[in-house]
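The values are calculated or read from the model by the stated rules, or taken from the named source; none is laboratory data. If you're wondering where the values come from, they're calculated on a predicted model, not measured in any experiment. Methodologically, a virtual Cβ is constructed for each residue, glycine included, from the backbone with ideal geometry; neighbour enumeration extends over all protein chains shown.
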Amino acid sequence: MTSTQLPYGAGHFGFDTDQVHAGETIGAGHGARITPIYLTAGFVFDSFDHAKARFDGDDGAWVYSRNGNPTNTVVEARLTALEHGVDSLLVGSGQAAITVAMLGILRAGDHFLATRSLYEGTKTLFRENFVRFGIEVEFVDDPHDLAEWRRRLRPTTRAVFAEAIPNPKNDLIDFRLIADFADEAGVPFVVDSTAATPYLVRPIDHGASIVVHSASKFLSGHGASLAGVVVDGGTFDWGRHPQKFPQFSAALAGDPDSSYLSRFGDRAYLEYTRSVITARLGPVLSPFNSFLLLQGLETLSLRVERHSRNALAIARWLEAQPEVSSVDYPGLESNPYHWLAERYFPRGSGSVFGFTLRGGTDAARTVIDSVELFSRMTHMGDVRSMVLHPATTSHAQVPKADRERYGIGDGLVRLSVGIEDEADLIADLERAFLALRQAQPSVGAFAGARPV
């Protein structure tokens, strides 16, 4: 039986169909309906000339799993379809995805701009690790101020980076404003869309050049493995400023008449990042973990729809509690970023957000220790609901003055809302708030709480 490549991909079917079928191949000699796990380090060559053709890139097949693997290729094709890109690259984690995505663009002496509201691990990577490569980052305080973006632009600026739904404050960005600035500056716009997923927003459709995900989160959904992905939109013209991005126009080793641009066209960035950055540094994804990611992708829209619905219900419940001073959820009509949620997130505003308790650290401790259904852990995007205290965990190494300036106060609690029954999740929080009112009656009384 021969393999059959099904005609599924971006532009052919709807999101729900693509998440099940895009990129798949049926058959492979045994008639398996689902994608097999090709758990192999390398691949056999038929002959001397066959090996040469593969290494020359003329064969179009696999050489070594550090460069590519049949299981991973199916997942890459599916993610490409879901994000409306031209190609994708799977790596070992979300941090690896950010690292290789940026190193595919940047080199020593380069500078890039990023929004200030980012996952703290990303900011630390940029501030402390990239500087060792001779790459400098500058954070923009107000991403809605075009004048600030322009003011911070330098002759050495080579990229712009932002999160689709910033973690944990949910202070949404205006994709089009930043995309237009990046285009004006002649640099690519890279978006971490982990908390959004392509079901809620496709940044490439709004002007982004490259999208990255920690696929360990919503894309997988089960919390069983790590993965990351880089998706190339194929829209950025790398040849427009060859002096800024010489790696794409330079002659290929052993082939002085061609370059990544001439050979791969709109896939030049992704092919360069795959072969020069990822294959050499080695942060590859195991085909087993790729297979686990594939299982999660098949139900992505169903899960994210439920995630968002539950999160909105919980955000509304929290907003009504007198012990809560603020809820950082843009799906709420009262939220200052609601207008951006309406513009870019018509299917929902995600399910990872923070709320601030008036009682500070002690109140947060009581609530977090009193929940039973919410898991206390540092993760998000799982089908299970989770809770965390950023000030003493993810942001523990950030000076308090900086934390407060960024809105990461002592009373901030971050939720990642799962797909359990909405009523059960709210009942779990009700028990926790009852414990809080018993422990800190003065806080609730001062805020006008009903007596317990």
Kindly check whether there is at least one residue in segment 240-254 that is out of contact with any Leu (no Cβ under 6 Å at 6 or more places or on another chain), among the charged types (D, E, K, R) and in the same structural domain as V187 (by TED's automatic domain parsing).
-> yes
Check segment 308-319 and report whether any residue there is under 18 Å from the mean Cα position of the chain (by Cα) and among the β-branched types (V, I, T).
-> no
Breaking point among (1) assigned to a helix (DSSP H, G or I); (2) in contact with an Asp or Glu (Cβ under 7 Å, 6 or more places away or on another chain), for D362 = (2)
Filter segment 121-140 for residues that are farther than 22 Å from T378 by Cα, of a type outside the set (A, V, I, L, M) and either in a strand (DSSP E or B) or in contact with a strand residue (DSSP E or B) (Cβ under 9 Å, 6 or more places away or on another chain) (or both) and give the result.
-> F130, E136, E138, F139
If Y272 satisfies every condition in (1) touching a helix residue (DSSP H, G or I) at 6+ places or on another chain (Cβ under 7 Å); (2) not assigned by TED's automatic domain parsing to the domain that holds T71; (3) not hydrophobic (A, V, I, L, M, F, W, C) but one, which is the exception?
-> (2)
The number of residues in segment 38-56 that are surrounded by 15 or more Cβ atoms within 10 Å (Cβ to Cβ), over 28 Å from the mean Cα position of the chain (by Cα), within 22 Å of L285 (Cβ to Cβ) and of a type outside the set (D, E, K, R) is 1
Of the residues that make up segment 14-30, is at least one surrounded by 12 or more Cβ atoms within 10 Å (Cβ to Cβ), over 31 Å from the mean Cα position of the chain (by Cα) and either modelled with pLDDT of 65 or more or more than 20 Å from T197 (Cα to Cα) (or both)?
-> yes
Meets criteria (assigned to a helix (DSSP H, G or I) and surrounded by fewer than 21 Cβ atoms within 10 Å (Cβ to Cβ)) for R107 = no
Hey, among the residues in segment 348-365 that are among the aliphatic types (A, V, I, L, M) and more than 16 Å from E319 (Cβ to Cβ), which one's surrounded by the most Cβ atoms within 10 Å (Cβ to Cβ)?
-> V352
Which condition number does V74 fail, the rest of (1) in a loop (DSSP other than H, G, I, E, B); (2) in contact (Cβ under 8 Å) with a residue 24 or more places away in the chain being met?
-> (1)
Residues satisfying the stated conditions in segment 235-262, i.e. among the charged types (D, E, K, R) and in contact (Cβ under 8 Å) with a residue 24 or more places away in the chain | R240, K244
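Looking only at segment 126-144, count every residue that is among the β-branched types (V, I, T) and over 20 Å from the mean Cα position of the chain (by Cα) and tell me the total.
Selection size over segment 126-144: 2.
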Would you say L90 is closer than 20 Å to R280 by Cβ and in contact (Cβ under 8 Å) with a residue 60 or more places away in the chain?
-> yes
Filtering helices (runs of 4 or more DSSP H) wholly in segment 370-452 for at least 1 residues that are at pLDDT 95 or above gives 422-439
Number of the exception - G68 against (1) loosely packed, with under 15 Cβ neighbours inside 10 Å; (2) part of a loop (DSSP other than H, G, I, E, B) | (1)
Taking segment 364-398 and the residues there that are among the hydrophobic types (A, V, I, L, M, F, W, C) and in contact with a Gly (Cβ under 6 Å, 6 or more places away or on another chain), the one that is farthest from T299 (Cα to Cα) would be A364
Given segment 215-279, what helices (runs of 4 or more DSSP H) lie entirely inside it while holding 2 or more residues that are over 24 Å from A179 (Cα atoms)?
-> 260-264
Taking only segment 144-167 into account, find how many residues are within 28 Å of G354 (Cβ to Cβ) and assigned to a loop (DSSP other than H, G, I, E, B).
-> 6
Condition met for L292 (more than 22 Å from the chain's Cα centre (by Cα), part of a helix (DSSP H, G or I) and closer than 26 Å to G348 by Cβ) = no
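So is P336 modelled with pLDDT of 95 or more, more than 29 Å from E24 (Cβ to Cβ) and surrounded by fewer than 19 Cβ atoms within 10 Å (Cβ to Cβ) or not?
yes
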